[in-house]
1. For region 81-121, how many residues are at pLDDT 95 or above, in contact with a Ser or Thr (Cβ under 6 Å, 6 or more places away or on another chain) and over 23 Å from Ala192 (Cβ atoms)?
2. Give the number of residues within region 92-113 that are among the β-branched types (Val, Ile, Thr) and surrounded by 19 or more Cβ atoms within 10 Å (Cβ to Cβ).
3. Within region 164-181, which residues are farther than 9 Å from Ala96 by Cα and surrounded by 24 or more Cβ atoms within 10 Å (Cβ to Cβ)?
4. Regarding Gly60, is this residue assigned to a loop (DSSP other than H, G, I, E, B), in the same structural domain as Thr181 (by TED's automatic domain parsing) and touching a residue at least 40 places away in the same chain (Cβ under 8 Å)?
Amino acid sequence: MKSSQQCQRGFDREKAGGFASLSVFYKNHATIPDPCLQAPPSILEAFFTSTVLVAIAEIGDKTQLLSFVLAAKLRRPYPIMAGIFTATLLNHALAASVGAWLASLIPSHIINWIVGLSFIGCGLWALKPDTLEENPSLVSAGAFVTTVIAFFLAEMGDKTQLATVALAARYDALTAVVLGTTLGMMLANAPAVWAGKALAGRINMEKTRWLAAALFLLMGVWSLAGGIEFR
């Protein structure tokens, strides 16, 4: 028959083993995040970065100058805003799809360099003031259709479109990039449509261009340095 001391020691060993097992279980499971409670950081980062970068880059850009012209000529802000939104969404969806497609074909270390140099190129481009014809030819249609066509064509090859290509290649979040760049365009162009050229006189375009250039250059250097993880 076991003595009471032996029973006590056996009980203590079982208790210690139980605590050890519980500790291992806690370490293995307690730190696992609940995916239902956390949004993927890359999606939030892609959306926020795309919004801020494009909103600042759009100030003084050719398409914002076009917004001033459309507002002065058509004088129908609601259809103009709807047209700008539609044209931007279609244009940037196309641009982002190209960026995502390129990222799927090209090795990540090469994409890293391409995207970084693209951002630096956009930064240098941002320092050059954009111009627009004083009386650009517009399609003779309703305010909405006229805006969609004019804005879509003006955005082709523009720095904000190229920035969208680079952002989509950099992030594995095509929808977030498109929504972010579209929101950025709307934030920059809505005041232009509603306030007209009175707004342009109150904005220091030179400082804004330098700010946009600095952001693009920072993104480019950060990408080239490998500061952000690519897909």
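1. The number of residues fulfilling the criteria is 1.
2. From region 92-113, those among the β-branched types (Val, Ile, Thr) are 98, 106, 110-111; that's our starting set.
Filter once more, so that each one left must be surrounded by 19 or more Cβ atoms within 10 Å (Cβ to Cβ): 111.
Residues flagged as among the β-branched types (Val, Ile, Thr) and surrounded by 19 or more Cβ atoms within 10 Å (Cβ to Cβ) within region 92-113 amount to 1.
3. Those that are farther than 9 Å from Ala96 by Cα and surrounded by 24 or more Cβ atoms within 10 Å (Cβ to Cβ): Arg170, Tyr171, Ala176, Gly180, Thr181.
4. Taking the combined requirement at face value, the residue satisfies it.
The values are calculated or read from the model by the stated rules, or taken from the named source; none is laboratory data. Bear in mind that the values here come from a model prediction, so they are computed numbers and not experimental data. When we count neighbours, we look across all protein chains shown, and the Cβ atoms used for this are built from the backbone with ideal geometry, even at glycine.
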